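Participant: Below you will find the structure I want to go over with you.
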Amino acid sequence: MPRLEKVAEQYENQPGVLFLSLNIDDDPGLIDPFLRQNKLTFPVLLAYDYAADTLKLASIPQNWLVGPDGAVCLKGNGYDATEKWEQSMKEAIEKCKSQTVGPTVRTPADTTPPLL
C-alpha cells in the first residue's frame, strides 16, 4: 500500500480528487494500528455492511475512480505494488478528472450505484 499512499499524497491538495478507503473488517479495532504501522494517511470509513449489502463486493481490494459528474469512470480489482500500477493510476485519475459528463465504464454484471 505504500504506492497508494504515495499517489494519495501527490493529489491531496488538488481539487476534485479524494482518496477514501472502505474498511470491511469485522473488527474496527484493527484499523488504527494497521494505518499507523503502514503509515497510511487517507481517510478510512467503516463499511462492512455497506460493502456487503449495498455494493455487493465480491473481492478486495478494489480501486474506483469517480468522476466530477458522480459516475464511476474506473473500477478495478487488486493492487500491484509496482511503479507501473502507480503510473497507470495517475493517468486514470487525470483522465477521470477531465471528464465533465461522460460515459460510465462498467462491466455488464456491474450493478453498483455511483459513489457520491
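Only the coordinates and a few stated rules stand behind these numbers; no lab work does. For clarity, every value in this text was computed on a predicted model and none was experimentally measured. Please note: Cβ atoms are built from the backbone with ideal geometry, for glycine as well, and neighbour counts cover all protein chains shown.
Participant: Have a look at Asn13, Asn38, Asn23 and point out the one that is under 21 Å from Glu94 (Cβ atoms) and either surrounded by fewer than 12 Cβ atoms within 10 Å (Cβ to Cβ) or touching a residue at least 12 places away in the same chain (Cβ under 8 Å) (or both).
Facilitator: Going through Asn13, Asn38, Asn23 in turn, just one is under 21 Å from Glu94 (Cβ atoms) and either surrounded by fewer than 12 Cβ atoms within 10 Å (Cβ to Cβ) or touching a residue at least 12 places away in the same chain (Cβ under 8 Å) (or both): Asn13.
Participant: Farther than 26 Å from Ser98 by Cβ, surrounded by 12 or more Cβ atoms within 10 Å (Cβ to Cβ) and more than 11 Å from the chain's Cα centre (by Cα), is that true of Ala47?
Facilitator: yes
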